[in-house]
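Below: the structure, in structure tokens.
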Amino acid sequence: MNETVKNIVTRKSCSDFKPEHISREELDEIIEAGLNAPSGMNSQCVRLIAVQDDETVKRLSGLNAAIAKEAMAKINPAMAENFPADPFYGARDVIAVVADKKGGTYIYDGSLAMGNLMNAAWSMGIDSRWIHRAKEVFDTEEGKKILEKCGITDDVEGIGFCILGHAAAEKEKTEIKPNRVFYL
């Protein structure tokens, strides 16, 4: 199996990170992979917000948790009570993926960027996880202020948060469900 395919096949999500940052060089290499993801008609509508500032990571995680708990409380109050206080699982580094809505396939383009970020990280020995609710976070006033601080003034939508770091413990690979491939 070639090395790229091996990295894709063995990648797994992390839900318990060591309390340390990855290096700026590692972060920049992962970002380069995200920026090189395919995009519809080469629109390159994806914007990446790299966050290594502990306070901003905590703010983003807190906004995410509040949104998740509110949504869950409407569906299942018991589930909301048990939601983790830190949906970023202790990760100290985050890449927020947002995309300009003028890119016709911006949601798909952002999703491809997220995949590239996670696969690049794994190939470098760095763990990651896709955290949802970026759309809702960047729709809040506080989320909009973060975008403004970055100089992002386009009409963007949050796609996801790629949390990064080193796993605190080894995790087994999830079994792949059978009967999901069809040949004609």
Protein accessible area in segment 137-184, 1.4 Å probe - carbon and sulfur %: 52
Estimated distance in nm for a label pair at LYS145 and THR4, the labels positioned 7 Å out from Cα along Cα-to-Cβ: 4.3
Surface share of carbon and sulfur [accessible, 1.4 angstrom probe, percent] for segment 1-51: 50
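Could you order the peptides 7-19, 159-171 from most to least packed, using the average number of other C-beta atoms within 10 Å per residue?
Answer by packing, highest mean first, reads 159-171, 7-19.
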Inter-label distance, nm, simple model (7 Å from Cα along the C-beta direction), SER43/THR56: 2.5
Chain lengthening between ASP154 and ASN76 when straightened (0.36 nm per residue, less Cα-Cα): 24.5 nm
Estimated [θ] at 222 nm from DSSP helical runs (n ≥ 4, -39500 (n - 2.57)) normalised by residues in the chain, nearest 500: -13500 deg cm²/dmol
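Determine, for each peptide in 54-61, 172-179, 124-131, the mean count of other beta carbons within 10 angstrom over its residues, then list the peptides with the highest first.
124-131, 54-61, 172-179
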For the chain: accessible area per residue (Å², 1.4 Å): 60
Spatially proximal lysines relative to LYS101 (Cα-Cα < 24 Å; intrachain offsets below 8 disregarded): LYS135, LYS144, LYS145, LYS149
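The values are calculated or read from the model by the stated rules, or taken from the named source; none is laboratory data. As the structure is a prediction and not an experimental result, all values here were calculated from the model. A quick note on method: Cβ atoms are made from the backbone with ideal geometry, for glycine too, and the neighbour counts reach across all protein chains shown. To get the accessible areas, we keep the full protein, side chains included, count just its heavy atoms, and leave off ligands, DNA and RNA. Shrake-Rupley method; radii C 1.70, N 1.55, O 1.52, S 1.80 Å.
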